[in-house]
Amino acid sequence: MPRMIRFMLTRLATGFAIGSAVGFCVWQNGFAAAGTLENYAQGLFIYLFASTISMGYLATALLLEE
């Protein structure tokens, strides 16, 4: 596997894991308007955090890579 693809995949996976943890903590602590939402809404909420943070993590890593 080329080095750049490995770099991007590891950064995306790391950012996704961080984002999932953050999204789960935000959901559990009640910062989101939970109300009577179903389980799929929790999954979408966590995915929202995970996808956003993973792209930001990748962009930052690419910017700071020397």
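Could you give every pair whose Cβ atoms fall below 6 Å, whose first residue belongs to region 1-18 and is under 13 Å from Ala61 (Cα atoms) and among the aliphatic types (A, V, I, L, M), and whose second residue is at pLDDT 90 or above and surrounded by 12 or more Cβ atoms within 10 Å (Cβ to Cβ), counting only separations of at least 6 or pairs across chains?
Taking only residues 6 or more apart or on different chains, the pairs are Leu12/Ser54; Leu12/Leu58.
Quick one: what pairs do we get from region 39-56, first residue open to solvent by less than 40 Å² (accessible area, probe 1.4 Å), second polar (S, T, N, Q), C-beta under 7 Å, 6+ apart or different chains?
Pairs that qualify, where the first residue is open to solvent by less than 40 Å² (accessible area, probe 1.4 Å) and the partner is polar (S, T, N, Q), are Ile46/Ser20; Ala50/Ser20.
Could you tell me which residue of region 11-29 is nearest to Ala41 (Cα to Cα), considering only residues that are β-branched (Val, Ile, Thr) and open to solvent by less than 60 Å² (accessible area, probe 1.4 Å)?
Val26
The values are calculated or read from the model by the stated rules, or taken from the named source; none is laboratory data. Model, not experiment: these values are computed from the prediction. Counting neighbours? That spans all protein chains shown, and the Cβs are built from the backbone with ideal geometry, glycine included. Heads up: the accessible areas ignore ligands, DNA and RNA and are worked out on the full protein's heavy atoms, side chains in. Shrake-Rupley method; radii C 1.70, N 1.55, O 1.52, S 1.80 Å.
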